[in-house]
Amino acid sequence: ESFTDLTPKGSVTSGNYWSTESDAVSAANGLYEHWRDDSMFGRGLFWFVNASDDMVTGRTDAGSAAVRDFVATGNESRVNSMYKKFYQIIQRANSILVNVPDMAINEEVKRRVLGEAYFMRAYAYFYLTQYYGDHRAGLPIVTEANMNEARFARPTHVSENYQQMEQDLLAAAELLPLVTTYGANDLGRAHRDAAYAYLAKMYLHWARYDASKWAEVVRYCDMVTNSGSGRALINTGNPQEDFASVFYVENNFSSEYIFSVVSNTVRGCILPAVLFENTGYGLYNGWGYFHPTLELYNHFEAGDHRKKATILEFGDTFTLFGEERKYYSSNSWTGFQFNKYMQPFRFPQEVHLNPNGDYPTSNLSVPLVRYADILLMKAEALIMQNQNADAPINQIRNRAGLPSITGATLADLKRERRSEFAAEYTDRHVDLVRWGDAQEAYSKPATGRQHANRDNPNSPYTVTEVWPARNFNPAIHHVWPIPPADITNSGISQNEGW
Amino acid sequence: LFATISASAQNGGQVRGTVMDNSGMPLSGVTVAALGADGTQAATTATNADGMFVLQGLQTGTNYTIRFSLIGYEVHEMADFTVRPGDNNSILVRMAEQTSALDEVVVIGYGERQREDLTTAIASLPNVATNVARPLTNVSDILQGNIAGVTVVSGGGDPSSSPRVLIRGMGTLGSEQPLYVVDGVPYYGGPINPNDIERVDVMKDAASAAIYGAQAASGVIVITTKSGKIGKPRFAVDLYQGWHQASNLPASLNAAQYAQAYIDASAHAGVVPADGHNAELNPWGQVTRTNWMDEIFQTGSITNLNLQVSGGTEHARYSSSFGYHDKDGLLINTNYKRFAYRLKSEFDLSDRITVGQNFYVNQMQSRGINTSSSYSGAIINAIYMNPAAPVYDENGRFHGTVPFDLAQFSAAYGDTYNPVALLKRPNISNPALNLNGNVFGKLEIIDGLTFKSNFAIDLNRYSYKRFDPIAPEIGRPSSENYLNQTESRTNRWIWDQQLNYHKRFGSHGLDVLAVYSAQKTAYESFSVEARGFEREDDWYQYIGNAGSTPNLPASGVYEDALTSAIGRVSYDFNDRYFVSASIRQDRTSRLAKENQSDVFPAVSGAWKISSEPFFNLPAVDLLKVRASWGQIGNIQSVGYYAYNIPLSTGTVTPIGNSGQLVRHFALTQQSNPNLLWETSETFDIGLDITLFNRLNITADYYTKKTLGLIQTNDADPHVGVNQGPTMNVGDVSNRGFEVTAGYEGQFGNWKLAATGNVQVNRNELLNLNGYSNDFIQHGDNVRSVLLPYRSEPGQPLYSYYLIQSAGIFNSEEEIQNHRQGDRLIQPNARPGDLRFVDQNGDGQINDEDRVFMGSAIPDFTYGFSLQLEYKNFDLSMLTYGVAGVKLFNGYKYTAYNAGLQGYNLDSRVLNAWRPDNTGSTIPVLSRQDPNANFGTASDWYLESGDYFRIKNIALGYTLPGRLLSRIGSQLRSRIYVSAENPWTITSYSGIDPEVGSTGLDVGNYPLPKTYTIGLSVNF
C-alpha cells in the first residue's frame, strides 16, 4: 500500500509550509504578485480608467469599446478577471493572518508581514469597492475568520466594507514601519504612510454616503504629512522639470512616493509602453492603446507646465532612444500621445526597458498614490466642509508653475485633479462618478486633431470627432458589472442594471 | 502453387520435399502429415530450418493425402498422392499466407484468440505491409480511415505534431489517449518505427480493454512487432524516397492592392489613411518584392530506410532492425528525423522454459513551428507581412516591414514578424532519446499452466535548446538575445506477473488468467533562460556565456505509482457458446489514500450460431452474435497531486529599488481529497458474419458513457484562488454504430481485396451536476476576442456557441428595417456590415443571442481500401471521409479584417462588399469595426469541414524472383510508386480541412501531398 502513497516532491504544500521566517516573507511577497499581472495594475485596470473623457481607445477592439461605451457585460476578456484577482490578494492576506501570528520568528519581521497583510487586504477591498460596490450592495467580506466557508454574500451597503477596511488599515498603520526604514531591497512594500493614504482615499469614497467622513480624510492626509517620513512634493523650484521628474526612474521612491506598481526590466507594469506609439516607429514594440483627447489638451491653464509633461502633440521635441525627434503619429486617433511615462524611452533600450517587446516592462514604477493626491484629497475634504483649501491646492499649482489662487472652490479642485492625474491609476473616471459629473462629461463626443499628413510633425490639422458621445446612466454605470462567471460561480447578485 | 513429385516404391517409402512461402522463402516448422484413405495419420514430420522435410514409413503404391499446416498460412493439401518407389526426387510446395479472417489470431490482453472466437470488439489493421510503406511518420496516422470506430484527427502537417486518436468518440475533456501496448507491455516510449510492425489490433469496447484497466479508458492499440522465424538469416531492406508539397495556399494582396485596400478602408471609416500607403509619399510601398507564401513553403523531401535481419533455430529466434526516417516539413526549416534500433530474441531453454528480450532505442529530433497563434503563427504572418519588403536587406539580414530609413512609415504595416525570420532565425535543437526494453521468462509448470514474468523499463531523455538572436528589423523588434534550455528525464518500470491456465475437456474449453502488475514513474526536469549574449555565433550559444539569467531556473518533479490485480476467466462450449469475465483492481498514487483503489469489471459472451447443429446454410461460414459490458477507470484525467495541490511559487515579483525579483509562495488551487476515478462504461453488441469464405462483415452498436468526468472547477471567486478543485463533474455519452466489410477474391490472374468501414457516433454531454456552472466555457480563442467553444448538457462536448449571421446589409433601408419593435437591432451598422440574428428578440445583439452550432468532431466517418494484384503488379488505394464536421475559420478574423494593426490581407478581400459588389460574403473593408463584423463570434466564421480524401494510391511491381545459388537464397524485390493525399473534395475555404482537434484554424500547418518511390528487397 505504501507503494502508491507518495509525498509530492519538488514542491511545498500547505502541510509543510509556515515554519520559517522566509516562509512568512515569501507569503507576503505573494501579496504583490499582481503588479506583474497584465490584467491588473500591469495595465488591465486601465480599461476602466479609459472610460474617462481624458482619452480614447487607440485601437479597434470590440471588447474594450463595450467597456468604454458602458454596454459591456463584464464577460469581455479585457475586464473579466480583475474581480477574482483582487480576492486572490485577499486570500493570500488571510492565509498570512491565520498562520503567521503563531510562528516563532523575529518579531519585527512578523509585525511587518502582518502589517502588509492587513494593508493589502484593505487595498484589494479599496479597488473592489471603487469599481463594483455602492449603497445597494457591498462586496463579500472574506477574512481569516470566515475564509473556509463555502458561500459568501454581499453586504447590504458598501459602508460595511469601509468599516472592515478602516480596521485593517488602522492595524496596518500600527504594525508597519515608515518607508524610510526600508532598505533598497524592501522599497515598494506596504508602509505606514501608505496605510494612512489609503485610509484617506477610503474615507473620500465613504464621504459620498456619510459626510462626517470628510473630517477623517483631512485627518489621515495630515497623518501622512506629519508621519516623519518626509512625504512632500518634488519641488526644486523648477516648474518646467519638477512635475515631469515625478515620473523619472530615479524618482521611483522619491519624497512624493507613497505607493506604486514596482517595475523593472524583467517584470512589472507595462503601461508606459502601452501608451507609447503603436509599433514605436519601428524601433520598439509600443502598443499605442490610449490616446489623450483634445478636451484634455485644452483643459490645461495657460502656463501649466504639466501640459507638456503630460501630452505630446505634433511637432513637440522629445528624446527617443538617445535621439531627439519631433513627435508625429500615423496611429494616434487624436494626434496626441501621453508623455507622462516616456522617460524610460529616452535612453538606449537596454538601460530601462525590457528587451522583450511582447512584455515591455520598464524600470519606471507607475504610481498608485503619490503625495500630490494627499494634498488634493485634503483640499477636497476641506472644501466639502466649507473650509479654506488654498494652501494644499496652491502647493500643487505652484509646483506646476501656476500662480496661487485664493478662495479655492470645488471647481478649482476638480480642474487641479484633472491636470495633475491624467493617465494615472488615480482614475479620473472614478472622480467624475464621485462628483456626479460623468453623465454630462460623457454626453459630449471626444475630439482630436486629424493631421493632413500624419508622418509630418508640421502637418496642419482639422478637429474631428474621434469617439461619439456616450450614454452614461448614473443610476447604473457608477459601478462596473461583476463578471458573469463570478456571479454564477458564487451565487451573488449582479450590480443592478447591468 | 505447384509441386514436382517423386516417391519411392519400396516398403519404407518416403517423400522428400521443400516448403516455401509465396515469395520463395523456405518455411520452417511446417507440420507435414500423410493421411490414409480413411483419414488416419500414417506419418508426420516438420520442416527444418531450410524448409526441408522427409516423410518416412509410407507404403509405396498407396495413395495418401499429404497435408501441410503452419500457423499463419493456409492449410495446403495434396490429395491422391501416390508414393512411388525411389527417392531421387522431391516435392516443392508453396504455402499461401493466411488471408481468411476466420483463422486469424487476434491479440487480446495477456493472450491471443482466434478471431472467430472473439466475444469483444477488437479490430485489426488490414494490409499492414502496404500501410507501413506509406510516407507516414506516426503509427496513428496509419490507422486513419482503416479501422471503424477509430477517428484520427490529424494535427496538420507540422512535423513535430502528432495526431489525436479518438476511439468511439470524445469521452472526456481531460486527457484521453489510447493506451499503446507493444508486444504485451504497456508502451509509453518514443515513436514506434512503422517498419517494425507485424500487426495492429485495436480494442474498442470496455470488455476487451478492461484487462488494461485504468490506462485503457480510451481504448487500447496493441502492436505486435516482427519476430524472427526458424530458418536461415533473412534480410529485408525497405527504402523509399518522397517529395511533398502544400496545395491550396491562400494569396495575399500585392503591394499596390494592399495600399489601395487600406486607403479604401480608411475612407469607409472616415479616417486619414496611413502615409505609408500613399503612393506619392512612399513609392517604395507600391512595389511588390516578395511573395511571402512562396518564401516560407518548400518542396520537402522524405527518406525512409529500414534494414532488418531475422532468423532462428529450433531453440532460438531473433530479429534485429534499424530504421531511419528523415522528413522535411512543408515550411522551410521544419523537419523530423528519427533513428530507431530494435533487437528482439527468444530462447527455449527447455521444452517448458522460454526466456526472451525486446530492446528498442530511438532518437528523434523534430522541428515544428507555431502556426496556431494569430499573433505569431508563421503562415498568418506571411499573409500579414508587407509584400513590398524583400526577405533580406542588402547586408543579408532579415528585412523588416519597412527599411530603417523609411521607419516613419512602419505604422502602416503593423506589428508583423518577418515570417522567414520566424522560421529560420531561432536555433533549435531538441533531441529526444528513448530506451525501451523488456525481459521475460515463461515457464510451463504443467500442461496448460504457464507462468510468465515480465520486467520492462522505459527511459526518456529530452533536451531542448533554443537560441533566439536579436531581431533588429522593423516590425516586432527584440533587442536582446535569449537562450532557453530544458533537460528532462522520465524513468519508468513495469513488472507483470502472469499465471495462465488453458485446458480443453472434451467440448469444454477453459482459460483462466491472473496478473499482478506494478509500475512506477519518476520525472524530473529543469529549465533555464539566459539573456544578453555578447555574440551570436553557433559556438557561443552556451549557457555559460550568458550576460544574465533574470529568471531563476525552474524545475518540475513528479512521481506516479500504479498497482493492478487482474483476473479473467473464459469458457467455451462446443464451439458454440463463449463467455468471458474479467475484473481488475487498480490502485493509484494520484488520489487521496482512501480513494486510491477501485475495481473495474467486464463480461462478454458470444453465440456462434453457425456452429449449431440446426444451422444449415453452406454459404454462411460464420454467424456469430456477441455482447459485452465493462467499466474502465481513466487515470489520465487525474493530476499527479490533485488531492494535495502544491503551493505555487516563482521569483517573479518586482520589489525594491534594484531591479530584483522576489520569491513568493501562494495557494492557487483548491485541493479535492474526495476526487474519484473517472470511469467509462461501454455496452457493445456485435455481429460477425463470414460468407463464402470470402466476405467478412462485422457490425457493432455501442453505448459508451463516461461517468464522473474529471474537470477543474471554477472556484468561487471569493475563495481567492485561480482554480477551484478538480472534481467529478458530469457524464458524457457516446453512442454509435460501426460496420466493416471486407472481401477477398481471386479471378484468374487477378486478386482482389476490398475493405470498407463506416462509423456513426453521437456525442452528448449528459450533465454537469458537479460543475460550478451550467456550462464549460473553453478558452480556445482568436486573439482573445473570439471564444467560440462551450460544453453544455444536451450538446456535444466542445460545441460551437455562436451568434447567427444572416448575410450582409446591402442598404441603409435594410438596416432600418432590422428592428425589434421600435428598437434598431444594429444601430452601428452601415451597408456592407454583417446582419446578426437577434435570437432572443431583445432588440440588441449580445452574448444572449448565441446558439449551439455543432462541433469539430465528425458524426460520420468512412474509409474504403482496395488492393488489386495482377501477375506481378499490385495496386492499392485508401480513401477516407468525414462528415458532420464544423470548423471555425478564425483566419478570417485577421486576414479579411482591415480594422486591425494594418496587416496585409488575403487577396479574397478584393471581392469584399462594395456598393457595386453587393453579392459578396465578405463584409466591407473598414479601418474600424463598430458593428463588430469581425469582433463577434458568429457563424460567419463557421464552415463545414467535411471532406473526402484519397489518402493513398500505390502501384507496385514485384520483380520475378531468381535463385541466387551462390548464397543459397532467393531474392525478391518490389518497387512501387505512391501518392499520399493526392486528391480531396471539400467545401472548406481554408488551406486544409484537417486543422486539428478543436477545429480552430488561424492558418494552421496543412497536410502535404506526398509522392514517393520505394523499393523493398528480401533475401
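The values are calculated or read from the model by the stated rules, or taken from the named source; none is laboratory data. Quick caveat: nothing in here was measured; it's all calculated off a predicted structure. Every residue, glycine as well, gets a Cβ built from its backbone with ideal geometry; the counts of neighbours run over all protein chains shown.
Looking only at the range B:217-237, count every residue that is assigned to a strand (DSSP E or B) and closer than 25 Å to B:Val150 by Cβ and tell me the total.
6
For the range B:472-493, give me the residue count where each residue is within 12 Å of another protein chain (Cβ to nearest Cβ), within 36 Å of the chain's Cα centre (by Cα) and touching a residue at least 60 places away in the same chain (Cβ under 8 Å).
Result for the range B:472-493: 1.
Results for (1) among the hydrophobic types (A, V, I, L, M, F, W, C); (2) surrounded by fewer than 21 Cβ atoms within 10 Å (Cβ to Cβ), shown as yes or no for each residue.
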residue	(1), (2)
A:Asp38	no, yes
A:Phe41	yes, no
A:Phe46	yes, no
A:Asp54	no, no
A:Arg59	no, yes
A:Phe70	yes, yes
A:Glu76	no, no
A:Gln91	no, no
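Tell me which residues, restricted to the range A:1-43, are closer than 19 Å to B:Glu559 by Cβ, at the interface with another protein chain (Cβ under 7 Å from one of its Cβ atoms) and outside any helix (DSSP H, G or I).
The answer is A:Asp5, A:Leu6, A:Pro8, A:Lys9, A:Gly10, A:Ser11, A:Val12, A:Thr13.
Here's the yes/no breakdown for (1) among the small types (Gly, Ala, Ser); (2) in contact with a Ser or Thr (Cβ under 6 Å, 6 or more places away or on another chain); (3) surrounded by 16 or more Cβ atoms within 10 Å (Cβ to Cβ):
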residue	(1), (2), (3)
A:His352	no, yes, yes
A:Leu382	no, no, yes
A:Asn386	no, no, no
A:Asp390	no, yes, yes
A:Asn394	no, yes, yes
A:Leu402	no, no, yes
A:Lys414	no, no, yes
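With respect to B:Ile857, determine if the residue is over 20 Å from B:Ser920 (Cβ atoms) and within 14 Å of chain A (Cβ to nearest Cβ).
Spelling it out, it is not the case that B:Ile857 is over 20 Å from B:Ser920 (Cβ atoms) and within 14 Å of chain A (Cβ to nearest Cβ).
Tell me yes or no: at least one residue of the range B:769-786 is under 17 Å from B:Ser733 (Cβ atoms), surrounded by fewer than 15 Cβ atoms within 10 Å (Cβ to Cβ) and outside the structural domain of B:Ala148 (by TED's automatic domain parsing).
Yes, the range B:769-786 contains at least one residue that is under 17 Å from B:Ser733 (Cβ atoms), surrounded by fewer than 15 Cβ atoms within 10 Å (Cβ to Cβ) and outside the structural domain of B:Ala148 (by TED's automatic domain parsing).
From B:Ala829, B:Ala806, grab the single residue that is in contact with a strand residue (DSSP E or B) (Cβ under 8 Å, 6 or more places away or on another chain), surrounded by fewer than 16 Cβ atoms within 10 Å (Cβ to Cβ) and closer than 26 Å to B:Phe852 by Cβ.
Going through B:Ala829, B:Ala806 in turn, just one is in contact with a strand residue (DSSP E or B) (Cβ under 8 Å, 6 or more places away or on another chain), surrounded by fewer than 16 Cβ atoms within 10 Å (Cβ to Cβ) and closer than 26 Å to B:Phe852 by Cβ: B:Ala806.
For (1) in contact with a Lys or Arg (Cβ under 6 Å, 6 or more places away or on another chain); (2) under 30 Å from B:Ser160 (Cα atoms); (3) surrounded by 21 or more Cβ atoms within 10 Å (Cβ to Cβ); (4) small (Gly, Ala, Ser), each residue gets a yes or a no:
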{"position": "B:Thr401", "(1), (2), (3), (4)": "no, yes, yes, no"}
{"position": "B:Ala412", "(1), (2), (3), (4)": "no, no, yes, yes"}
{"position": "B:Ala421", "(1), (2), (3), (4)": "no, yes, yes, yes"}
{"position": "B:Ile428", "(1), (2), (3), (4)": "yes, yes, no, no"}
{"position": "B:Phe451", "(1), (2), (3), (4)": "no, no, no, no"}
{"position": "B:Asn454", "(1), (2), (3), (4)": "no, no, yes, no"}
{"position": "B:Tyr464", "(1), (2), (3), (4)": "no, yes, no, no"}
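Go over the candidates B:Asp833, B:Asp822, B:Asp842, B:Asp849 one by one and state the one that is touching a residue at least 60 places away in the same chain (Cβ under 8 Å) and among the charged types (D, E, K, R).
B:Asp833
Go through (1) assigned to a loop (DSSP other than H, G, I, E, B); (2) touching a helix residue (DSSP H, G or I) at 6+ places or on another chain (Cβ under 8 Å) for B:Leu552 and report which single condition fails.
Only one criterion is unmet by B:Leu552, namely (2).
Of the numbered conditions (1) touching an Asp or Glu at 6+ places or on another chain (Cβ under 7 Å); (2) more than 14 Å from chain B (Cβ to nearest Cβ), A:Gly286 satisfies every one except a single condition; which is it?
(2)
Spot the failing condition for A:Leu320; the list is (1) crowded, with 23+ Cβ neighbours inside 10 Å; (2) under 18 Å from A:Ala244 (Cβ atoms); (3) within 14 Å of chain B (Cβ to nearest Cβ), and only one is missed.
Every listed condition holds for A:Leu320 apart from (1).
Confirm whether A:Ala65 is crowded, with 23+ Cβ neighbours inside 10 Å and at pLDDT below 95.
yes
Give just the number: which of (1) within 8 Å of chain B (Cβ to nearest Cβ); (2) touching a helix residue (DSSP H, G or I) at 6+ places or on another chain (Cβ under 7 Å); (3) touching a residue at least 40 places away in the same chain (Cβ under 8 Å) does A:Ser77 not satisfy?
Of everything listed in (1) within 8 Å of chain B (Cβ to nearest Cβ); (2) touching a helix residue (DSSP H, G or I) at 6+ places or on another chain (Cβ under 7 Å); (3) touching a residue at least 40 places away in the same chain (Cβ under 8 Å), A:Ser77 misses just condition (3).
In the range B:774-806, what residues are touching an Asp or Glu at 6+ places or on another chain (Cβ under 9 Å), small (Gly, Ala, Ser) and farther than 25 Å from A:Asn489 by Cβ?
Scanning the range B:774-806 gives a single hit, B:Ser805.
Going by the conditions given, is B:Val153 of a type in the set (A, V, I, L, M, F, W, C), in contact with a Ser or Thr (Cβ under 8 Å, 6 or more places away or on another chain) and modelled with pLDDT of 90 or more?
So B:Val153 fails the test.
Test B:Ala101 against the stated conditions and say whether it is buried (at least 16 other Cβ atoms within 10 Å of the Cβ) and at pLDDT 80 or above.
no
Taking the criterion of being buried (at least 23 other Cβ atoms within 10 Å of the Cβ), free of Cβ contacts under 8 Å to residues at least 12 places away in the same chain and within 13 Å of chain A (Cβ to nearest Cβ), would at least one residue in the range B:648-660 satisfy it?
Yes, because at least one residue in the range B:648-660 is buried (at least 23 other Cβ atoms within 10 Å of the Cβ), free of Cβ contacts under 8 Å to residues at least 12 places away in the same chain and within 13 Å of chain A (Cβ to nearest Cβ).
Evaluate the range B:166-173: report whether one residue or more is touching a residue at least 12 places away in the same chain (Cβ under 8 Å) and surrounded by fewer than 23 Cβ atoms within 10 Å (Cβ to Cβ).
yes
Return the pairs, sorted by first residue and then second, in which the second residue is at pLDDT 95 or above and not in a strand (DSSP E or B), the first residue lies in the range B:494-520 and is over 18 Å from B:Gly567 (Cβ atoms) and β-branched (Val, Ile, Thr), the beta carbons are less than 8 Å apart, and the residues are 6+ apart or on different chains.
Note: no pairs meet the criteria.
Kindly establish whether A:Val366 is surrounded by fewer than 23 Cβ atoms within 10 Å (Cβ to Cβ) and either at the interface with another protein chain (Cβ under 10 Å from one of its Cβ atoms) or closer than 30 Å to B:Gly532 by Cβ (or both).
No, not satisfied.
What is the residue count in the range B:957-1008 for residues that are more than 30 Å from B:Asp939 (Cα to Cα), modelled with pLDDT of 80 or more, in contact with a Phe, Trp or Tyr (Cβ under 9 Å, 6 or more places away or on another chain) and not aromatic (Phe, Trp, Tyr)?
The qualifying residues number 9.
Right, B:Ser28: on the phi < 0 side of the Ramachandran plot, outside any strand (DSSP E or B), of a type in the set (S, T, N, Q) and at pLDDT 80 or above or not?
Yes; evaluated as a whole, the condition is true for this residue.
So which helices (runs of 4 or more DSSP H) stay within the range A:258-324 end to end and still have 3 or more residues that are touching a strand residue (DSSP E or B) at 6+ places or on another chain (Cβ under 7 Å)?
Because the criterion is at least 3 residues that are touching a strand residue (DSSP E or B) at 6+ places or on another chain (Cβ under 7 Å), the helices (runs of 4 or more DSSP H) in the range A:258-324 that meet it are A:271-275, A:294-299.
List the strands (runs of 3 or more DSSP E) that sit entirely inside the range B:762-878 and contain at least 1 residues that are among the hydrophobic types (A, V, I, L, M, F, W, C) and at pLDDT 90 or above.
Output list reads B:799-803, B:805-808, B:834-836, B:850-855, B:860-870.
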